[in-house]
Amino acid sequence: GSGQLVDSIIADPRVRATLDSRMSGLFSREMRFTPANDSREAKECLDAWIESWPYITSGGALKQVGAYSNLFGFWPSQLVWNDQGKWTKPRIIPWHARYTFYQWDIRKYVAISQDGSLPIFPGDGKWVLHAPRGDYRGWMWGSIRAVAEPWLLRHFAFRDMARFSEVHGIPFRKGKVPAAADEEQRQRFENQLANLGTETTMILPQGVDDSMSYDVELVEAMSQGWQIFPGLVDRCDMDIVLAILMQNLTTEVTGGSFAATSAHMDIRQQGIEDDNEAFKQTIHDQIARPFAAFNFGDADLAPITSWDVTPQEDKTQAASRFYSFGQSLQILRQGGIKFTDEEKLRTFARESFGLKLPDFEITEPDNGSGSGAAGAQDEAASKTLKGSK
């Protein structure tokens with residue numbers, strides 16, 4: 001049931017976009033492959049691993065595992081080995097959690113296959129179990145538990161908003177007929193009203209007085225209750241994004257608050273680093289070690305695979321801080337303050353503003369008034385002219 005629920009939820013554009021954002025935060029980074037040690041065998045194993053890596057992860061397997069494990073809290077995959085070639089290499093084949101259950105007496109996940117129930121032993125070279133929060137009760141941390149309710153409310157809101165729009169978008173016509181009207185004439189009027197469609201005119205017989213008149217009124221819904229639906233959808237969108245990304249920068253933070261932006265980006269960065277550590281351990285222990293054992297006879301030669309998760313600082317913000325810092329120095333210098341220790345100035349810029357200043361030296365400012373290098377040149381030229389004269 002939870003497997004079918006997840007398959008339904010990922011069809012939602014909000015959930016899909018948020019999951020893609022979470023996965024791209026890690027998988028769009030540059031990959032790093034590190035040998036197990038400095039030995040020649042470890043480097044040979046690393047070269048073989050790098051050569052086999054595109055085949056191991058072909059078909060977007062890691063992104064699928066990452067997305068589903070985020071929602072479920074775990075995700076199993078098969079390792080299908082191919083010995084056709086220089087190296088015996090596995091391929092990750094995700095196994096849908098719909099055909100998986102947890103068997104309490106053996107404390108193992110069990111895959112339901114055509115050959116019966118197969119216990120999953122992570123690291124045996126046949127199965128991979130990516131469980132960032134641990135295999136035992138890891139499902140309790142699956143974001144599906146936090147996403148399901150706002151997703152359901154979001155769809156109810158869209159359904160009700162569509163019905164509300166239908167009522168408001170198609171006003172009905174109210175026909176008035178005399179109580180003592182001729183039956184044939186009354187039926188003709190009713191047919192004209194029912195078949196009006198896109199017609200713009202119809203005949204309305206008039207009597208001697210108002211009591212014998214036919215009339216038509218357009219009845220439109222005038223309620224402002226529609227305003228509740230966008231608010232509910234926005235609230236559900238925010239809850240979905242918070243559950244998956246752990247922050248909601250685009251909808252919660254308004255204006256140019258650098259502190260708020262930094263706090264949200266720190267949270268997102270922590271999520272990327274957590275994903276990196278989880279995949280790093282899973283790949284090494286459950287895929288790289290069997291690969292090294294099959295091809296080199298020693299599982300300890302398994303290389304380490306990770307992504308460069310160095311924070312990507314907003315360069316626009318950095319440039320703005322650097323510009324403001326430079327303006328401050330200029331104003332202080334014009335006010336008579338002169339810095340004498342460049343190392344202390346560099347430390348102050350780093351600790352107070354997060355600026356890493358390049359190498360520099362403190363000299364007299366060149367303000368175009370004769371001071372500094374340009375001023376010295378002008379003064380020398382002036383003396384030469386005076387001597388010539």
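At 7 Å along the Cα-to-beta-carbon direction for both Asn37 and Ala11, put a label point, then send me their distance in nm to one decimal.
The modelled label-to-label distance comes out at 5.4 nm.
Treat each spin label as a single point 7 Å out from the Cα along the C-beta direction, and report the Asp124 to Ser24 distance in nm.
About 3.9 nm, to one decimal.
Roll a 1.4 Å probe over the protein chains and send me the accessible area per residue for region 78-200 in Å².
Values: 8180 Å² over 123 residues.
With all protein chains present, region 78-200 gives 67 Å² per residue.
Mind listing the long-range amide H neighbours of His130? Cut-off is under 5 Å, sequence gap 5 or more, other chains count too, H placed in the peptide plane at 1.01 Å from N.
It is Trp75, Ser77, by chain and number.
Spin-label point model (7 Å from Cα, Cβ direction): what's the Asn191 to Arg321 distance in nm?
Modelled inter-label distance: 8.1 nm.
Which number comes out as Rg/Rh for region 68-118 once both Rg and the Kirkwood Rh are worked out on C-alpha atoms? The partial results should precede the final answer.
Working: Rg = 13.6 Å, Rh = 12.7 Å.
With Rg and the Kirkwood Rh in hand, the quotient comes to 1.08.
I need the phi-derived Karplus couplings for region 277-293: 6.51 cos²θ - 1.76 cosθ + 1.60, θ = phi - 60°, integer Hz, Gly and Pro marked x.
With the stated coefficients, region 277-293 comes to 5, 5, 5, 4, 6, 4, 5, 5, 6, 10, 10, 5, 5, x, 4, 5, 5 Hz.
For the peptides 80-93, 106-119, 15-28, what is the packing order when you average, over each peptide's residues, the other Cβ atoms within 10 Å and list the highest mean first?
Values: 80-93: 14.6, 106-119: 12.7, 15-28: 17.5.
Averaged packing, sorted descending, gives the order 15-28, 80-93, 106-119.
Beta carbons within 10 angstrom, averaged per residue: use that to sort the peptides 329-339, 138-148, 69-79, highest first. If you can, show how the numbers build up before the last one.
Values: 329-339: 10.5, 138-148: 19.5, 69-79: 23.8.
The most tightly packed comes first, giving 69-79, 138-148, 329-339.
What is the spread of the Cα atoms of region 20-170 along each of their three principal axes, largest first, in whole Å?
Ordered largest first, region 20-170 gives principal extents of 75, 42, 28 Å.
Quickly rank 122-131, 49-58, 179-188 as a protection proxy: mean count of other C-beta atoms within 10 Å, highest first.
Working: 122-131: 19.3, 49-58: 16.0, 179-188: 11.2.
Per-residue Cβ counts within 10 Å, averaged per peptide and sorted highest first, yield 122-131, 49-58, 179-188.
Just the accessible area per residue of region 19-72, please: how many Å² with a 1.4 Å probe? Display every interim value, and only then the final one.
Working: 2550 Å² over 54 residues.
Per residue, region 19-72 has an accessible area of 47 Å².
Extension gain Asp115-Gln269, at 0.36 nm per residue separation less the Cα-Cα distance, in nm?
Working: separation 154, 0.36 × 154 = 55.44 nm, distance 4.31 nm.
That works out to 51.1 nm of additional length.
Over 23 Å between Cα atoms: which of Lys43/Lys86; Lys43/Lys108; Lys43/Lys63; Lys63/Lys280 fall into that group? If you can, show how the numbers build up before the last one.
Values: Lys43/Lys86 16 Å; Lys43/Lys108 35 Å; Lys43/Lys63 27 Å; Lys63/Lys280 14 Å.
Violating the 23 Å limit, Cα to Cα: Lys43/Lys108; Lys43/Lys63.
Run the numbers on region 1-95 and let me know its relative contact order in percent, using alpha-carbon pairs under 8 Å that are six or more apart. Present the calculation step by step, with values, prior to reporting the outcome.
Values: 74 pairs, mean separation 20.4, N = 95.
Once divided by the residue count of region 1-95, the mean separation gives 22 percent.
Residue separation times 0.36 nm, minus the C-alpha to C-alpha distance between Glu277 and Asp300: what's the value? Intermediate results must be reported in sequence, preceding the final value.
Details: separation 23, 0.36 × 23 = 8.28 nm, distance 1.90 nm.
Taking 0.36 nm per residue and subtracting the Cα distance, the gain is 6.4 nm.
The values are calculated or read from the model by the stated rules, or taken from the named source; none is laboratory data. Remember, it's a predicted structure, so these values are computed and weren't measured experimentally. Here Cβ is always computed from backbone atoms with ideal geometry, including for glycine, and neighbour counts include all displayed protein chains. These accessible areas exclude ligands, DNA and RNA; they are computed on the full protein's heavy atoms, side chains included. Shrake-Rupley method; radii C 1.70, N 1.55, O 1.52, S 1.80 Å.
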